[in-house]
Amino acid sequence: MHVLVGGASGFLGRHLTAALRHRGHTTTSLVRREAAADDESRWDPATGQVDAQVVEDSDVVVNVAGSPTIGNPYSKRWADALRESRVTTTRTLAEAIAASPGRPAFLAGNAVAVYGDHGDHPVTEEGDSRGHTLMGEVTRAWQAAAQPAVEAGARVCVLRTAPVMDRESEPLRMLRRLYRLGAGGRLGSGRQYFPMVSLRDWLAAVVHLAEDPEASGPVNLCCPETPTMAEFNRALARAVGRPAVLPVPAPAIRIAAGPLAEEVLGSVNLVPAVLLDRGFEFRDRDVTAVVAAGLAGAR
């Protein structure tokens, strides 16, 4: 199988490309400079330009491109980049797939912020999207950008990704430093559900979806047993061998995080129902396993 990858130079894209090749697949990475190797192809999502033949020659197209989610929450420039970097890349690939006679499958990146605050209620892929948070609005526009491929009859999976826990990525890299300094603690009440997934399960799940010709629609990429923020706090503190006794109250989070505060304080008791129904086997099913795998850099 040949896979075209948008965002291949980023954290998830680099590891996904390696995982696909390990499974025996070939890949082409989309780059925004002149291609320097046979497995690269230049594109310009800002102007909607991508090589139509490269798309046609692919069995699956994956998009995990996007500007960093860590930034100044009060910056309009950062917020605009957060949205446009995801929407333009997704739309460019969706339109290219729609125009392609072969219509390769499309695995379109997205995030669990699309659901909004659902309290304690378990949320599967059939859950509704609610609220008007910054990331909630971004994820809706992000998913809508994939619609041309859906309407053209391509197989489309929307990768509703929870925070991916790995020592190389945020938020675990930042939190590990804080906890080791003894400055860790729960955020808000701690009762809110906080979905997450280990990097190795995220990679295996995306490869699974690429290889499964019947998988389509939204897919929750999260561990099967979503922890509360307090449970995550305890698991990380135990793993680094340090106490976590400095809780951050909700009012302070709202001041510091601004438009992103409700992403932290909201609760999504997420369930990866599609993956479980399609026979995917998680290696890291709960918060203790996810944190351990993340800190170990398990692939």
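Read the figures in this text as sums done on the coordinates, not as results from a lab. Everything numeric in this text was worked out from a predicted model, so none of it was measured. So basically every Cβ, Gly included, is an ideal-geometry build from the backbone, and we count neighbours across all protein chains shown.
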Exercise for the section: Grab every C-alpha pair in the stretch 183-240, bin the distances at 5 angstrom width from 0 up to the longest one, and report whole percents. Expected result: 4, 17, 20, 19, 15, 10, 8, 6, 2, 0
Handout entry: Normalised per residue, the volume of the convex hull around the Cα set of the stretch 160-206 (Å³)
Key = 82
Fill in the blank from the handout: The alpha-carbon pair-distance distribution computed for the stretch 139-187, with 10 angstrom bins and whole-percent values, is 21, 31, 19, 19, 10, 1
Handout entry: Rounded to 5, the percent of DSSP beta bridges in the chain classed as antiparallel
Key = 10
Handout entry: Rg [Å, one decimal], Dmax [Å, integer] - the stretch 187-299, C-alpha atoms
Key = 15.7, 48
Practice task
From zero up to wherever the largest Cα-Cα distance of the stretch 52-97 sits, split into 5 Å bins and tell me the percent of pairs in each.
Solution key: 5, 20, 24, 17, 13, 10, 7, 4, 0
Handout entry: Within the stretch 172-299: Cβ-based charge dipole about Cα centre, in debye rounded to nearest 20 (Lys, Arg +1; Asp, Glu -1)
Key = 920
Exercise for the section: Treat the chain as a sphere of radius equal to its Kirkwood radius over Cα pairs and apply Stokes-Einstein at 37 °C in a medium of 0.692 mPa s; give the translational diffusion coefficient in µm²/s, rounded to a whole number. Expected result: 168
Fill in the blank from the handout: Mean Cβ-within-10 Å packing, highest first, puts peptides 219-228, 206-215, 12-21 in the order 219-228, 12-21, 206-215
Practice task
Report, in deg cm²/dmol and to the nearest 500, the calculated mean residue ellipticity at 222 nm for the chain, where each DSSP H run with n ≥ 4 adds -39500 (n - 2.57) and the sum is divided by the residue count.
Solution key: -11500 deg cm²/dmol
Practice task
Please determine, in degrees from 0 to 90 and to the nearest 10, the orientation of helix 287-296 with respect to the longest principal axis defined by the Cα atoms of the chain, where the helix direction is its Cα long axis.
Solution key: 70
Exercise for the section: Output the Cα-based Rg and Dmax of the stretch 1-154 in Å, rounding Rg to one decimal and Dmax to a whole number. Expected result: 16.0, 50
Handout entry: Segments 55-62, 149-156 sorted - mean Cβ within 10 Å per residue, highest first
Key = 55-62, 149-156
Problem - Which of 179, 115 has the fewest Cβ neighbours within 10 Å, and the rest in rising order - result: 179, 115
Practice task
Could you let me know the centre-to-centre spacing of the stretch 100-126 and the stretch 177-233, using Cα atoms, in angstrom?
Solution key: 14
Problem - Options 92, 31, 112, ranked by Cα towards positive dipole end of the stretch 1-112, top entry (Cβ charges) - result: 112
Exercise for the section: Could you tell me, in Å, what Rg and Dmax come out for the Cα atoms of the stretch 5-94? Expected result: 13.8, 44
Completion exercise
Hull volume per residue for the stretch 93-141, using the convex hull of the C-alpha atoms, in Å³ is 90
Exercise for the section: Report, to the nearest 10°, how far helix 229-240 tilts away from the longest principal axis of the Cα atoms in the chain, using its own Cα long axis and a range of 0 to 90°. Expected result: 90
Practice task
Before anything else, pin down the relative contact order of the chain: Cα pairs under 8 Å, at least 6 apart, normalised by residue count, whole percent.
Solution key: 19
Practice task
Mind putting a number on the dipole of the chain about its Cα centre? Charges go on the C-beta only, +1 for Lys and Arg and -1 for Asp and Glu, and I need it in Debye to the nearest 20.
Solution key: 1360
Practice task
Quick one: plug the Kirkwood hydrodynamic radius of the stretch 93-218 (C-alpha pairs) into Stokes-Einstein at 4 °C, 1.567 mPa s, and report D in µm²/s.
Solution key: 78
Handout entry: Theoretical gain in end-to-end length, residue 129 to residue 78 [0.36 nm per residue, Cα-Cα removed]
Key = 16.0 nm
Practice task
Report, by chain and number, residues whose modeled amide H sits under 5 Å from the one on residue 221, excluding near sequence neighbours (fewer than 5 apart, same chain).
Solution key: 160, 161, 162
Handout entry: Tilt relative to the chain, helix 11-22 - C-alpha long axis, 0 to 90 degrees, to 10
Key = 60
